[in-house]
Amino acid sequence: MKRSWKLALAIIIVGLLLGGVRLLALGPADFPDGQVVFEPYKIEPGVVLPGEVCKYRFFWKGSLLTQDVFIPAAEGVVKVEKHPTRPGWQCHRADGVTIPPASLIFKADDGVFECMDAATWKADQYSIRIRESFDYYDLSMTFDQEKKTLDRVRTRRKGETRRTFDFTQGYGPVGAVALSRSMAWEVGDERKFEVMDGNERWLIVLKCEAEEDVTVPAGTFHALRFQPSLFLMPKNPSFETKRYWEKEREREATTDSRIKTAKIWSQKEPPRVLLKFQSEVFFGHVYGELVEYTPGTAE
């Protein structure tokens, strides 16, 4: 199964969750055997608040390095703002940039922006800006939550491409992060999310594995550890057949996976900030941690 590096980049920048989705593993969850059914979620209000700022730093260790030394690779910041015209809506902005020494090899200055109804975390608009050494484009997505369709426009220097998707649940990458934070979790819980990144539809399954204390530069927190699983979904939900998932399983079995493992840590209690992320990938190990946190305030 092919991996969406752009989706994972978005998710990593917005808080190390899912699922973005560039550094997520296929994971231990089983392949579906038909059309995916999403259980209704119990969303807690007031968990993610305007004014919140999360700053992260990411590190990399190459596969050939024998010492357990992580090299600084990137920095990211996530900001939550009130929607300028819609009461009860929020806009989340996340930006990430590579830093030395990693930026001497690969340069990136990327960002995502999504506006959502804070009661459901369903979006109407999502955009991503990619400015990288080997890629450069802007992508915008317009959700029609009533018709359950998504219109995507990708703009490159040579022109535009358009694509339309149908969806069942239809969360943007940023909204999926906010949604997961707005639910109580216990060890053993497993939940499914349909995430639209403008390139593909993705099924992300989050499994809560353990409860433990975690120390990062921003402090020591009582946390939950999650194992994400990622599956490529067809363009239209009606194509989610047993045969489709059998073909995906066969393709995965014959593909050299770029991602081997992934773990995510989040606070157990509100505001359930994402604290830490680590993954083993084909080019080494990637690690991210929360370095500074500013809480939001109720409206």
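Heavy-atom surface analysis with a 1.4 Å probe gives the chain a carbon and sulfur content of 53 percent of its accessible area. A dipole drawn for the stretch 77-163 from +1 and -1 charges on Cβ atoms has a positive end, and of V80, I99, L139 the residue lying farthest that way is L139.
Length gained on full extension, R243 to F38, computed as 0.36 nm times the residue gap minus the Cα-Cα distance: 71.8 nm.
Straight Cα distances below 15 angstrom link K147 to the aspartates and glutamates D124, D166, with same-chain residues fewer than 8 positions distant left out. Rolling a 1.4 Å probe over the heavy atoms of the protein chains gives the chain an accessible area of 46 Å² per residue.
Toward the positive end of the charge dipole of the stretch 200-262, with +1 on the Cβ of Lys and Arg and -1 on the Cβ of Asp and Glu, the farthest Cα among M233, A262, G219 is that of M233.
Neighbours of T164 by Cβ distance under 11 Å: Lys/Arg scored +1, Asp/Glu scored -1, total +2. For the chain, C54, C208 have no disulfide-compatible partner, since no other Cys C-beta lies under 4.7 Å from theirs.
In summary, the convex hull built on the alpha carbon positions of the chain has an orientation-averaged projected area of 15.5 nm². Pairs exceeding 21 Å between alpha-carbon atoms, taken from K82/K276; K61/K276; K192/K235; K122/K268; K148/K263; K148/K242: K82/K276; K122/K268; K148/K263; K148/K242.
Rounded to the nearest 20 debye, the dipole magnitude of the chain is 940 debye, with +1 charges on Lys and Arg beta carbons, -1 on Asp and Glu beta carbons, and the Cα centre as origin. Normalised by residue number, the volume inside the convex hull of the Cα atoms of the stretch 97-212 is 132 Å³ per residue. The listed peptides 85-98, 174-187, 42-55, ordered by packing as a protection proxy, come out as 174-187, 85-98, 42-55 (highest mean of other Cβ atoms within 10 Å first). One decimal place: the segment D213-E269 gains 18.9 nm when fully extended, by the rule 0.36 nm per residue minus the C-alpha distance. Packing, as the average of other Cβ atoms within 10 Å across residues, places the peptides 219-226, 133-140 in the order 219-226, 133-140, highest first.
The values are calculated or read from the model by the stated rules, or taken from the named source; none is laboratory data. Since we're looking at a predicted model, the values are computed, not measured. No Cβ is skipped: glycine too gets one built from the backbone with ideal geometry, and neighbour counts run over all protein chains shown. The protein model used for the area step is the full one, side chains on, heavy atoms only, and it has no ligands, DNA or RNA in it. Shrake-Rupley method; radii C 1.70, N 1.55, O 1.52, S 1.80 Å.
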